[in-house]
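Have a look at the structure below before the remarks.
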Number of protein chains: 2
Amino acid sequence: MAEVTRVCVAGAGVIGSLFAAHLSRVAEVSALVRRDEHARALADSGLRVSGRAEFTGRLTAATSPGELPEPELVIVACKSLDLEGVAERLAGHWPDAIVMTVQNGIGADEVVGRYGDWRQLASVTFMSGTRHEDTHVEYVLDTATWIGPARGTTPADAHTVAELIVASGLKAEAFDDLRPAQWSKLIFNATVNTVAALTGLRHDPHFAALDRPSDLGHLVRALMDEGKAVAAAAGVTLGEDPWEMNVLATHRGSAHYPSMLEDVDAHRRTEIDMITGSLVREAHRVGVPVPLHETMERLIKAKEDSWG
Amino acid sequence: MAEVTRVCVAGAGVIGSLFAAHLSRVAEVSALVRRDEHARALADSGLRVSGRAEFTGRLTAATSPGELPEPELVIVACKSLDLEGVAERLAGHWPDAIVMTVQNGIGADEVVGRYGDWRQLASVTFMSGTRHEDTHVEYVLDTATWIGPARGTTPADAHTVAELIVASGLKAEAFDDLRPAQWSKLIFNATVNTVAALTGLRHDPHFAALDRPSDLGHLVRALMDEGKAVAAAAGVTLGEDPWEMNVLATHRGSAHYPSMLEDVDAHRRTEIDMITGSLVREAHRVGVPVPLHETMERLIKAKEDSWG
């Protein structure tokens, strides 16, 4: 992959908006969105970033790839629930582009890969923010996006994209093999998101409490232990230890509002299939029992059903 | 125990109100309540029953046992969270009375027994209703109360009380040994209440669904299997099979609103310590692992904490 001069960000939620606005400072950026008024608002007003950075990015935007300039890099930043829909709309376009997925869980690149022969990168992101309106996103947690090669790409391609993202003002790091990071985040997410969504607690010190037998930390640790057993059986050496990530994060002061709790509070369908679901599927594949993750999956799905 | 002519009902929530009003038709009934205005309202207006029966019971009421006539039978019908407080107020009164507990879980008679040397009966009730105001309770589910001997009583005492309750218009049955029934209900309650409270679902057909691996019935059955293993290790032969109770109840048409879900919806402390807590304590005593019930206990306690 040579220099990247044009990037398309597909999906402009929190993560997509953060990418699109920042990258517009170092590349020509377009946004592929679902709603016409969203596209018009972005094209007319640009995309404002507040919080850790303060600027307004300028970009083009449309609801169909045919209306956008051909990019060298596509960042698919939609929620995993919209992944099939976005991949379907990209099908047949931009065969020379590299398509990078950023969804939670594992397997997003495989889903997208079924819709075209693009070369691909995989990534996980730890940054977060709050979307205040179509044209305004607040940059809250300035943690990194980790990028690794997938179908048809090399570690050098991952480096090129990571450098572009760093130049834009966000944090990014390239890995020769993304799986250790991806699995650490999967185990962390499958635990913290479901526990938060069922208890109504933000990611606060309860998640690391181990004093009494009924304290929540025991459940968090047991869920993470199940996840680690699956990773080990799948031949993956974890990057960071999910329990240490948990202890660290809960002592950082302000408690993060996990996206699955946000979904539950808004009575929206959650990403349970992509997060816990992908861990449970992998556990069945390698023959490791995960009764606690199955419990969380069943409870969350039943909770979704309770909204009728 | 000879004939019962005076009954005191301690605690006039749904269950206490249903007992007090019905029994007032066959005995002299007093109610021991916490609030002065509750006592005054009951004494002034009586206690109206609607639903499966329509009448107004007449009774005396007070906030202290010293103001009430001495009864032969005390029915402690408060919630388990109030049990210690009610038992404390009864301490030193009415040494010749038989005291019958009706709380969920196991061990309520032992808690009360620490506050006095009364003879005791144990019971579990399956009836339910809705409390519309201090002086009006709706009788909804006309299922039975099961009564068995406890400290210092015989099966004959249980029969005497069951007959009195039946004469009053409610359903009751006496057992020589209550434990099989008590344990069936404990396992049923520890499962259905926590699952409902975490998912927001009433006790509906989701609880018996087994079609897909992620269906809720698998969790319900696994929780009940853990409970059955504890009962077996504790030397208790179950009365009814909790899973069959579950399947039957979820096919009855209108879905029951479990009290723990009601508590969670109102952001009130739940009976988790008395229900799941007593099962988990018993499991530890007999050395049977109950990771799923521990999970439910931790999630419910964390949910209570989320209300700050």
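Applying the selection to the stretch A:248-264, what residues are among the small types (Gly, Ala, Ser) and surrounded by 16 or more Cβ atoms within 10 Å (Cβ to Cβ)?
Our first condition is that a residue be among the small types (Gly, Ala, Ser); within the stretch A:248-264, this holds for A:249, A:253-255, A:259.
Within the stretch A:248-264, A:249, A:255, A:259 qualify.
When only residues in the stretch B:139-171 that are hydroxyl-bearing (Ser, Thr, Tyr) and under 16 Å from the mean Cα position of the chain (by Cα) count, which is most open to solvent (accessible area, probe 1.4 Å)?
In this case the residue turns out to be B:143.
Output the residues belonging to the stretch A:90-117 that are assigned to a loop (DSSP other than H, G, I, E, B), over 20 Å from residue A:259 (Cβ atoms) and open to solvent by 10 Å² or more (accessible area, probe 1.4 Å).
Filtering the stretch A:90-117 for residues assigned to a loop (DSSP other than H, G, I, E, B) gives A:91-97, A:102-107, A:114-117.
Restricting the remaining residues to those that are over 20 Å from residue A:259 (Cβ atoms) gives A:91-97, A:114-117.
Result: A:91, A:92, A:93, A:94, A:95, A:96, A:114, A:115, A:116, A:117.
Under the condition of being in a loop (DSSP other than H, G, I, E, B) and modelled with pLDDT of 95 or more, which residue from the stretch B:241-267 is farthest from the other protein chains (Cβ to nearest Cβ)?
The selected residue is B:241.
Restricted to the stretch B:282-308, and to residues that are of a type in the set (Asp, Glu) and more than 7 Å from chain A (Cβ to nearest Cβ), which residue is nearest to residue A:213 (Cα to Cα)?
B:294
What is the one condition in (1) among the charged types (D, E, K, R); (2) closer than 21 Å to residue A:296 by Cβ; (3) in contact (Cβ under 8 Å) with a residue 60 or more places away in the chain that residue B:204 does not satisfy?
(3)
With the requirement that a residue be surrounded by 14 or more Cβ atoms within 10 Å (Cβ to Cβ) and over 19 Å from residue B:103 (Cβ atoms), what does the stretch B:265-283 give you?
Within the stretch B:265-283, B:283 is the sole residue that qualifies.
Cβ contacts < 7 Å: first residue without any contact (Cβ under 8 Å) to a residue 24 or more places away in the chain, restricted to the stretch B:16-43; second residue open to solvent by less than 30 Å² (accessible area, probe 1.4 Å), any location; separation 6+ or different chain. Result?
B:43/B:61
Inspect all residues belonging to the stretch B:27-34 and state whether any of them is at pLDDT 95 or above, in contact with a Phe, Trp or Tyr (Cβ under 7 Å, 6 or more places away or on another chain) and not polar (S, T, N, Q).
No, that holds for no residue.
Among the numbered criteria (1) in contact with a helix residue (DSSP H, G or I) (Cβ under 8 Å, 6 or more places away or on another chain); (2) open to solvent by 10 Å² or more (accessible area, probe 1.4 Å); (3) not in a strand (DSSP E or B), which single criterion is violated by residue B:22?
So the condition that residue B:22 fails would be (2).
Checking the structure you have, find out if any residue of the stretch A:208-218 is touching a Lys or Arg at 6+ places or on another chain (Cβ under 6 Å), in a helix (DSSP H, G or I) and within 22 Å of residue B:195 (Cα to Cα).
Quick first cut of the stretch A:208-218, residues touching a Lys or Arg at 6+ places or on another chain (Cβ under 6 Å) only: A:214, A:216.
Okay, now just the ones that are also in a helix (DSSP H, G or I), so A:216.
When the remaining residues are screened for being within 22 Å of residue B:195 (Cα to Cα), the result is A:216.
Yes; the residues of the stretch A:208-218 include at least one that is touching a Lys or Arg at 6+ places or on another chain (Cβ under 6 Å), in a helix (DSSP H, G or I) and within 22 Å of residue B:195 (Cα to Cα).
Can you name the residue in the stretch B:219-240 that is open to solvent by 50 Å² or more (accessible area, probe 1.4 Å) and not in a loop (DSSP other than H, G, I, E, B) and is also nearest to residue B:176 (Cα to Cα) among such residues?
This residue is B:232.
Is it true that some residue in the stretch A:204-218 is within 20 Å of the chain's Cα centre (by Cα) and of a type in the set (Gly, Ala, Ser)?
no
Given the conditions (1) under 27 Å from residue B:141 (Cα atoms); (2) within 14 Å of chain A (Cβ to nearest Cβ), and given that residue B:226 satisfies all but one, which numbered condition is not satisfied?
The number of the failed condition is (1).
The values are calculated or read from the model by the stated rules, or taken from the named source; none is laboratory data. Keep in mind that this is a model prediction, so the values were computed, not measured. As a convention, Cβ positions derive from the backbone with ideal geometry for all residues, glycine included, and neighbour counts pool all protein chains shown. Quick note on the areas: whole protein, heavy atoms, side chains included, nothing else; ligands and nucleic acids left out. Shrake-Rupley method; radii C 1.70, N 1.55, O 1.52, S 1.80 Å.
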